[in-house]
Amino acid sequence: MDIKLSVCIPTYNFADFIGQTLDSIISQASPDVEIVVVDGASSDNTRQIVKGYQRKFSQLTLFCRDKNVGVDKDLAKTVELAKGKYCWFLSSDDVLKSGAIKRIIKETENDCDIYLCNRTECDFKLRPLRNRLWLSKDIKSRVFNIADKGELLSYLDEAYSIGALFSYCSSIVFKRKRWNQLSYNKKFDGTGYAHVNTLFSFNNDSNRLKYIKDALVLCRGDNDSFLEQGKVKRFLMDIDGYSLLASNLFDDSNIKNAFLKVIRREMKFHYLIRIRSLTESSQLRDDIEKKLLKCGYSLMSLRFIRIFSSLKWIVSIFEYIKKRIKRCIPAFYSFNKSNIN
């Protein structure tokens, strides 16, 4: 049988989680679904766990690297090994909701180039906290031709998170044929966002993106592997990556500005105040301000951030409120098929 969907999973030292991820796929996989796992030279027993699942599910391909080369190349390798008409990127600590695969396969009958679903944000133990929407809450499921400048501008104007710009891999399903028409751009190697460049580069006469308002993925919180080097480095990964994307992808100043505006919606003042308060080097603080100016932040807003970040008690209050809100959000979501049909 022809493979309709390849679930593509890059992983590195996620032995504690990947079993749950694979279970969520295999429990709802039809014969036209495969799984491709690329292990980036894990030092834990990730590959042994995946090999165990190969005995349960014959359509699981495992590729193991001898050394870690980063998530950008690992994502590209999963697509290289895939055989499906469509690929679904999935982080090895996230989980598909029941019925998600059936829903996506049904959606792909419309033959769009990219599908982007929303996610349910959870705590570390995958207890649900809230649904996260990438676009304005007023936008229903619909198709955007992001190769068309007018429709791309409309899409960017409705985007309230860089998740709408493909930052969250587990939300992305795309046509493998379109991906394979492009070569890997080494300029983005190590940024964490080489896949974003590829997806936006599908643009010929048409690049049809279907936005699916429903949340089809459970996102495990408090487990961002990119945070290992600290919050400032994690922030710089986003700001540097998306600044490079804006420069590389768009010649039209209106589209470039709209793209960067999404970053400003994502990185709100309280977050930037926290980042500055954590930045000990005056040189790095100056460098960050220059990067923010290039992203369209005003001098007035940077002065505001500078002043409030120096008030440690303000930063402490922000952190306290954030923790209290997170504890008080009720886990009231249910995850049966009726939620996503």
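What are the residue pairs meeting all of these: first residue in segment 202-227, first residue assigned to a loop (DSSP other than H, G, I, E, B) and among the acidic types (Asp, Glu), second residue surrounded by 23 or more Cβ atoms within 10 Å (Cβ to Cβ) and at pLDDT 95 or above, Cβ atoms under 7 Å, and 6 or more apart or on different chains?
Cβ pairs passing all conditions: none.
Any residue at all in segment 201-212 that's outside the structural domain of Glu80 (by TED's automatic domain parsing), under 16 Å from the mean Cα position of the chain (by Cα) and not charged (D, E, K, R)?
From segment 201-212, those outside the structural domain of Glu80 (by TED's automatic domain parsing) are none; that's our starting set.
Checked against the condition, which is being outside the structural domain of Glu80 (by TED's automatic domain parsing), under 16 Å from the mean Cα position of the chain (by Cα) and not charged (D, E, K, R), segment 201-212 yields no hits at all.
Scan segment 295-309 for residues that are exposed (fewer than 13 other Cβ atoms within 10 Å of the Cβ) and under 19 Å from Asn257 (Cβ atoms) and jot them down. Spell out how you get there, then give the answer.
The initial filter retains those residues of segment 295-309 that are exposed (fewer than 13 other Cβ atoms within 10 Å of the Cβ), namely 298-300, 303, 307.
Matches in segment 295-309: Ser298, Leu299, Met300.
Of the numbered conditions (1) hydrophobic (A, V, I, L, M, F, W, C); (2) surrounded by fewer than 23 Cβ atoms within 10 Å (Cβ to Cβ); (3) closer than 27 Å to Phe188 by Cβ, Leu60 fails exactly one; give the number of that condition.
(3)
For Ser24, which of the numbered conditions (1) within 24 Å of Asp113 (Cβ to Cβ); (2) modelled with pLDDT of 95 or more fails to hold?
So the condition that Ser24 fails would be (1).
Of all helices (runs of 4 or more DSSP H) completely enclosed by segment 92-188, which ones contain at least 3 residues that are without any contact (Cβ under 8 Å) to a residue 40 or more places away in the chain? Give the derivation first.
Details: elements: 100-107, 149-158, 176-180.
In segment 92-188, 149-158 are the helices (runs of 4 or more DSSP H) which contain 3 or more residues that are without any contact (Cβ under 8 Å) to a residue 40 or more places away in the chain.
The values are calculated or read from the model by the stated rules, or taken from the named source; none is laboratory data. Because the structure is predicted, anything quoted here is derived from the model rather than measured. All Cβ positions, even for glycine, are placed from backbone atoms using ideal geometry, and neighbour counts span all protein chains on display.
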